[in-house]
Structures are given as C-alpha cells and as structure tokens.
Amino acid sequence: MTKLINIGFGNVVNSSKIVAIISPDSAPSKRLIQNAKDQGTAIDATHGRKTKGIIVTDGGSVILSALMPETIANRFYNKDTGEEHE
C-alpha cells in the first residue's frame, strides 16, 4: 500500500519514492535546485513561500517544500511507525 506524506499546503509525496530530505542552505543544494529547474525535474510545492526543505526522489525529481526537513522527516517517521501526527 502506498503511503503519502503531507509536505504542506495539501501537497503529498509517495513515501516509498523518497531518497533524501535535505536543507536548501548549502551551495550544493542550491546547485541541485538550479540543475533540476534547468532540466524540468523541479516541482515547486512552496506556494510562493521560502524553500525550507528539498525532497529528492528515486526518479530524479526534486521537490521544493516550505516545511523544514525535520518536520517532513517526522511525518515520514510517524507514517512508517503507524503513529498519528497532528
């Protein structure tokens, strides 16, 4: 069964496709975002807000989120353990 993770503003990601959840503060992260935008594999789920988290998928897509990586990771963890997160 596919488990979906809420990444903010009603957007969800298939948890089995997530490879990494990273912060956008470093230069390599910024290059990753720019390369994904150039290649057309970037998905902006920030709704115009500041990017605080980057989700990298196994298909090579880069998803930009307005949620902190810790928040996304907690939601990911809570889904896997069956715990409910408010």
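Quick notes on this one:
- Flag for K17 being in contact (Cβ under 8 Å) with a residue 12 or more places away in the chain and among the charged types (D, E, K, R): yes
- Residue pairs whose Cβ atoms lie under 7 Å apart, sitting 6 or more positions apart in sequence or on different chains, and linking a residue in the range 24-47 that is farther than 19 Å from E70 by Cα to a partner that is open to solvent by 60 Å² or more (accessible area, probe 1.4 Å), are H47/F9.
- Test result for A36, modelled with pLDDT of 95 or more, over 14 Å from the mean Cα position of the chain (by Cα) and among the aliphatic types (A, V, I, L, M): no
The values are calculated or read from the model by the stated rules, or taken from the named source; none is laboratory data. Everything numeric here is computed off the predicted structure, so don't read it as measured data. Cβ sites come from the backbone with ideal geometry, for glycine too, and all protein chains shown count toward neighbours. For the accessible areas, the whole protein counts, side chains as well, though only heavy atoms, and no ligand, DNA or RNA atoms are used. Shrake-Rupley method; radii C 1.70, N 1.55, O 1.52, S 1.80 Å.
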